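Here the structure is laid out as structure tokens; the discussion comes afterwards.
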Amino acid sequence: MTKASKVRKAVLPVAGLGTRFLPATKAMPKEMLPLVDVPSIQLIVEECVAAGIEEIVFVTARGKSAIEDHFDRAPELEALLERRGKTDDLARVRRPTELARYASVRQAEARGLGHAVLCARDVVGDEPFAVVLGDDLMDAPVPGVGQLIAEYDRLGTGVIALKEVPSGQEHLYGIADGERDGARGLKVKRLVEKPAPGTTASRLAIIGRYVLPPEIFGILAETPPGRGGEIQLTDGLATLCSRRGLYGLEVEGERFDVGDRAGYVIAMAHYALTRPELRDDVRAGLEKLLQRR
Ligand code: UTP
């Protein structure tokens, strides 16, 4: 039998403003934007649960209560579907509730991703945990966050997910540089948040998945505001890297940036094409569209 992982909790920061999707996100959290009929945040929770995570900690903010409601019971709706004998719909409504245990903490002000993670300190306590960002969806045979957890269990140091991005896109990401370790590993030496074009040799971008030791909380509490006046998780990770080491793993699987409008549309097409009941109609519709434009 394989040893159970010590990583049981995942922090999902969902307190950002989602300005790239305005006006859609004026009254609705961007994390509730659907991929076909499942909100993106549910796909993230599904990935965590498939990786063995038992408790999800949302870092939320004003205007984000739809996320908490989505993962809560809906007694009236459930009773109605039950009375009407709609068992498939009922199962779909109940699924998010049954996936995991949920907790949420509030980030009173959007002071940055590092600050959002720090807000989860009391709920996580003194144990390693995952951080997963809703902007990066992964479709992978082994869940992306599960790949990191396996490395954390092997090495005992913080692990970050990496993907090589095309040249010229480095300034959109946190970039990691260091010493290659095997086919997919990187002993991280340097991290830079959104480097100016042409200032970094590496094209290995951090893609929204981290497994971290609890020491990161003390580090984030001491991390001053950085780029954009925000407390940056990347700055905290750079300190963790120099004190305790940090490992990067080029994760296997397809990744979709649903925090970006074009990325969201591409992800929608991908998830529709993976659904047997939709695939043929969607493919035919897309082909027709592409012929005309
Ligand atoms: P983004 O930089 O993508 O910001 O945050 P955003 O507000 O979500 O979206 P745009 O760019 O305005 O469209 C990356 C992640 O960090 C979280 C966000 O919710 C997102 O998951 N975040 C960011 C917080 O939880 N709190 C913050 O203060 C900042």
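Summary of computed values
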quantity	calculated
The one condition in (1) under 22 Å from the mean Cα position of the chain (by Cα); (2) under 23 Å from residue 11 (Cα atoms) that residue 218 fails to fulfil	(1)
Pick from segment 79-89, criterion hydrophobic (A, V, I, L, M, F, W, C) and either within 15 Å of the ligand (Cβ to nearest atom) or surrounded by 13 or more Cβ atoms within 10 Å (Cβ to Cβ) (or both), ranking: farthest from the chain's Cα centre (by Cα)	80
Segment 49-63 residues that are farther than 16 Å from residue 128 by Cα and open to solvent by 40 Å² or more (accessible area, probe 1.4 Å), paired with ones that are within 16 Å of the ligand (Cβ to nearest atom) and at pLDDT below 95 (beta carbon under 8 Å, 6 or more apart)	63/27
Top-ranked residue of segment 97-110 - restricted to ones that are modelled with pLDDT under 95 and open to solvent by 70 Å² or more (accessible area, probe 1.4 Å), ranked as farthest from the ligand (Cβ to nearest atom)	108
Positions within segment 257-293 being in contact with a Gly (Cβ under 9 Å, 6 or more places away or on another chain) and part of a loop (DSSP other than H, G, I, E, B), in sequence order	258, 259
Among the residues listed as 184, 244, the single one being charged (D, E, K, R) and closer than 19 Å to residue 126 by Cα	244
Test: residue in segment 32-39 that is away from the ligand (no atom under 16 Å from the Cβ), in contact with a Ser or Thr (Cβ under 8 Å, 6 or more places away or on another chain) and modelled with pLDDT of 95 or more	yes
Verdict on residue 92 being out of contact with any Ser or Thr (no Cβ under 9 Å at 6 or more places or on another chain), more than 16 Å from the ligand (Cβ to nearest atom), outside any loop (DSSP other than H, G, I, E, B) and open to solvent by 60 Å² or more (accessible area, probe 1.4 Å)	yes
Breaking point among (1) surrounded by 13 or more Cβ atoms within 10 Å (Cβ to Cβ); (2) more than 15 Å from the chain's Cα centre (by Cα); (3) of a type outside the set (Asp, Glu); (4) assigned to a helix (DSSP H, G or I), for residue 114	(2)
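Rundown of residues vs (1) within 20 Å of residue 258 (Cα to Cα); (2) surrounded by fewer than 24 Cβ atoms within 10 Å (Cβ to Cβ); (3) within 14 Å of the ligand (Cβ to nearest atom), yes/no style:
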site	(1), (2), (3)
122	no, yes, no
128	no, yes, no
140	yes, yes, no
145	yes, no, no
151	no, yes, no
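The values are calculated or read from the model by the stated rules, or taken from the named source; none is laboratory data. Every value quoted in this text rests on a predicted model; they were computed, and no experiment measured them. Positions of Cβ are backbone-derived with ideal geometry, glycine not excepted, and every protein chain shown enters the neighbour counts. Each accessible area value is taken on the protein alone, full model and side chains, heavy atoms only, with ligands, DNA and RNA left out. Shrake-Rupley method; radii C 1.70, N 1.55, O 1.52, S 1.80 Å.
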